[in-house]
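The values are calculated or read from the model by the stated rules, or taken from the named source; none is laboratory data. Because the structure is predicted, anything quoted here is derived from the model rather than measured. Here the Cβ is made from the backbone with ideal geometry for all residues, glycine too, and neighbour counts use every protein chain on show.
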Amino acid sequence: MKRMGVRELYRCILDGGLRFFRTFAAKQNEIIMMNSIDEKIVFEPTGFSYQNTKAKVVIVGITPGNSQLKGAREGLDLREIKRKNAFAGSTRPNLVNMLDYVGVNKVLGIASCSSLWDEDFDLVDMTSLLKEATYELKSDGGRTMFKDVRKIAKSEKLTEMLKEGFVKDCGRYENEVLYVACGPGVYGVLMELLAQGCICGKVVGIAHPSGANTGRILCYLGKVEPKDDSYVWCQERAKEAKAFCISQTSPK
């Protein structure tokens with residue numbers, strides 16, 4: 001990134017460009033904060049460290065994204081960063097629709113999981129396998145969010161991040177929680193951790209709630225038929241999650 005020269009900085013101040021100056025400062029801070037895992041993967045501290053140890057449901061993604069970084073740069077309270085920025089944008093309604101469809105709202109005794117970002121925030125913890133925003137560097141010098149969960153097991157440093165961050169946090173929950181895994185990659189990791197005794201509770205999977213995953217989300221919701229194995233995975237996870245939620249809400 002091109003650095004701002006003294007003359008440009010002086011002109012910015014004279015023009016009253018305080019907002020631009022703050023943006024520049026944030027970008028400079030971003031570079032300072034970036035930490036290299038290896039030559040192709042870097043991470044940036046997000047301020048996403050708040051944990052609700054009293055949660056009953058834990059929603060797990062791969063890594064915090066740009067919305068969480070935005071909250072951290074705005075200096076929001078750590079709890080507020082999660083409440084306001086976790087699974088933001090089009091991801092959130094997709095997530096709510098799937099949770100309500102399988103009955104997580106009924107397990108929690110609420111009308112809809114949409115309130116988990118509002119008055120029922122104390123019932124949930126929202127976290128990631130990698131607690132810091134993690135990126136893969138592109139050949140053109142840009143970066144993209146880390147998505148390939150399989151690379152965690154192949155990287156000593158990523159594995160350490162998983163164990164020292166996510167796994168240790170899981171040991172702090174006061175309840176036997178329901179883990180909601182966003183996508184097959186996260187689901188696979190959680191099931192492996194469960195089998196190894198690293199976490200305890202119940203794991204259910206959902207289609208990744210990204211707006212770019214509409215077809216699989218619709219399959220999870222029973223609105224379209226599977227057209228490949230990834231769709232079948234969504235259909236099967238929805239059936240399992242529904243069955244579990246029914247078992248938790250049916251009269252004993």
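Taken over region 110-145, residues that are in a loop (DSSP other than H, G, I, E, B), at pLDDT below 90 and not basic (Lys, Arg) amount to 5.
Would you check which residues across region 111-141 are in contact with a Phe, Trp or Tyr (Cβ under 9 Å, 6 or more places away or on another chain) and without any contact (Cβ under 8 Å) to a residue 40 or more places away in the chain and list them?
Within region 111-141, SER115, TRP117 qualify.
Tally time: how many residues in region 201-233 are part of a loop (DSSP other than H, G, I, E, B) and of a type outside the set (A, V, I, L, M, F, W, C)?
The initial filter retains those residues of region 201-233 that are part of a loop (DSSP other than H, G, I, E, B), namely 201, 207-210, 221-228.
Subset that is of a type outside the set (A, V, I, L, M, F, W, C): 201, 208-210, 222-223, 225-228.
Qualifying residue count for the region: 10.
Of the residues making up region 171-185, just one is without any contact (Cβ under 8 Å) to a residue 60 or more places away in the chain and assigned to a helix (DSSP H, G or I), namely PRO184.
The residues of region 203-222 that are at pLDDT 95 or above, surrounded by fewer than 16 Cβ atoms within 10 Å (Cβ to Cβ) and of a type outside the set (Val, Ile, Thr) amount to a single one, GLY222.
Matching residues to (1) loosely packed, with under 12 Cβ neighbours inside 10 Å; (2) in contact (Cβ under 8 Å) with a residue 40 or more places away in the chain; (3) over 13 Å from VAL57 (Cα atoms):
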position	(1), (2), (3)
MET98	no, yes, yes
GLY109	yes, no, no
THR144	yes, no, yes
ARG150	yes, no, yes
LEU162	no, no, yes
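Each row is one residue, and each column tells you yes or no for (1) in a loop (DSSP other than H, G, I, E, B); (2) at pLDDT 85 or above; (3) closer than 27 Å to GLY109 by Cβ; (4) not assigned by TED's automatic domain parsing to the domain that holds VAL180.
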residue: GLU8; (1), (2), (3), (4): no, no, no, yes
residue: CYS12; (1), (2), (3), (4): no, no, no, yes
residue: GLY16; (1), (2), (3), (4): yes, no, no, yes
residue: PHE20; (1), (2), (3), (4): no, no, no, yes
residue: ALA25; (1), (2), (3), (4): no, no, no, yes
residue: ASP38; (1), (2), (3), (4): yes, no, no, yes
residue: VAL58; (1), (2), (3), (4): no, yes, yes, no
residue: LEU69; (1), (2), (3), (4): no, no, no, no
